[in-house]
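Student: Following this message is one structure expressed as structure tokens.
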Amino acid sequence: MSTTLTLDQMKQLVRDHFEEFVNKRNAGVIYKNMTPDFCDHDGPGGKPAGIDVDEQMMRNMYQSMPDLHLTIEDMIAEGDKVACRNVWRWTDPTSGEKMQFSWFRALAI
């Protein structure tokens, strides 16, 4: 795959996507940012998923984790790929306990 974007533009695209998709709770942005043949190789249940499944997964997360927030910790771009380490944080609605998990994602632009 090749891109005409600079490394900084690719990183900004990833930043903007996570900001919209997670923090601003705009699940529909996936249709703007991903190609129709997009495949999340680690979708819900650890299974490959397409755009529709990922969109619904996020809508479910918005409901079950109302204060869900993602913070990008590190990002590296090379060639047509961006690697991103982020932390997802939320409050468990049942216990009130603060929760988080770290995630590493590599994306081809």
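Student: Could you tell me how many of the residues in the stretch 8-31 are surrounded by 17 or more Cβ atoms within 10 Å (Cβ to Cβ) and in contact with an Asp or Glu (Cβ under 7 Å, 6 or more places away or on another chain)?
Tutor: Final tally of qualifying residues: 3.
Student: What's the number of the condition M75 fails, among (1) in contact (Cβ under 8 Å) with a residue 24 or more places away in the chain; (2) more than 25 Å from L5 (Cα to Cα); (3) surrounded by 12 or more Cβ atoms within 10 Å (Cβ to Cβ)?
Tutor: (2)
Student: Here is a list: G96, G50. Which entry is over 22 Å from L7 (Cα atoms) and surrounded by 14 or more Cβ atoms within 10 Å (Cβ to Cβ)?
Tutor: Details: G96 fails: surrounded by 14 or more Cβ atoms within 10 Å (Cβ to Cβ).
When all the criteria are applied, what remains is G50.
Student: Hey, among Q12, Q56, which residue is part of a helix (DSSP H, G or I) and within 17 Å of F104 (Cα to Cα)?
Tutor: Values: Q56 fails: within 17 Å of F104 (Cα to Cα).
Unique residue meeting the criteria: Q12.
Student: Among the residues of the stretch 39-53, which ones are over 18 Å from L13 (Cα atoms) and assigned to a loop (DSSP other than H, G, I, E, B)? Let's see the steps before the verdict.
Tutor: First, pick out the residues of the stretch 39-53 that are over 18 Å from L13 (Cα atoms): 41-50, 52-53.
Hits for the stretch 39-53 are H41, D42, G43, K47, P48, G50.
Student: How many of the residues making up the stretch 86-103 are under 14 Å from the mean Cα position of the chain (by Cα), without any contact (Cβ under 8 Å) to a residue 24 or more places away in the chain and either assigned to a loop (DSSP other than H, G, I, E, B) or under 19 Å from G43 (Cβ atoms) (or both)?
Tutor: 2
Student: Now for a different question. Quick check, is V22 in a helix (DSSP H, G or I), over 18 Å from F101 (Cα atoms) and touching a residue at least 40 places away in the same chain (Cβ under 8 Å)? Quick ask: steps written out before the conclusion?
Tutor: Details: in a helix (DSSP H, G or I): yes; over 18 Å from F101 (Cα atoms): no; touching a residue at least 40 places away in the same chain (Cβ under 8 Å): yes.
So V22 does not fit the description; no.
Student: Identify, from the list P66, P36, the residue that is of a type outside the set (A, V, I, L, M, F, W, C), in a loop (DSSP other than H, G, I, E, B) and surrounded by 11 or more Cβ atoms within 10 Å (Cβ to Cβ). Don't jump to the end; show me each part of the working.
Tutor: Details: P36 fails: surrounded by 11 or more Cβ atoms within 10 Å (Cβ to Cβ).
Result: P66 is the single residue among P66, P36 that is of a type outside the set (A, V, I, L, M, F, W, C), in a loop (DSSP other than H, G, I, E, B) and surrounded by 11 or more Cβ atoms within 10 Å (Cβ to Cβ).
Student: Let me ask you something else. D80: of a type in the set (D, E), closer than 19 Å to C39 by Cβ and either surrounded by 12 or more Cβ atoms within 10 Å (Cβ to Cβ) or touching a Gly at 6+ places or on another chain (Cβ under 7 Å) (or both), yes or no?
Tutor: On the way: of a type in the set (D, E): yes; closer than 19 Å to C39 by Cβ: yes; either surrounded by 12 or more Cβ atoms within 10 Å (Cβ to Cβ) or touching a Gly at 6+ places or on another chain (Cβ under 7 Å) (or both): yes.
Against the criterion (of a type in the set (D, E), closer than 19 Å to C39 by Cβ and either surrounded by 12 or more Cβ atoms within 10 Å (Cβ to Cβ) or touching a Gly at 6+ places or on another chain (Cβ under 7 Å) (or both)), D80 qualifies.
Student: Name the single residue that is nearest to S64 (Cα to Cα) among those in the stretch 1-28 being aliphatic (A, V, I, L, M) and more than 11 Å from the chain's Cα centre (by Cα). It would help to see each step written out before you state the result.
Tutor: Initial filter on the stretch 1-28 (aliphatic (A, V, I, L, M)): 1, 5, 7, 10, 13-14, 22, 27.
Adding the requirement that they be more than 11 Å from the chain's Cα centre (by Cα) leaves 1, 5, 7, 10, 13.
Working: M1: 36, L5: 36, L7: 35, M10: 31, L13: 27 Å.
The extreme case among them is L13.
Just so you know, all these numbers are worked out from the coordinates, no wet-lab data involved. Computed from a predicted structure; not experimentally measured. Cβ atoms come from the backbone with ideal geometry, glycine included; neighbour counts cover every protein chain shown.
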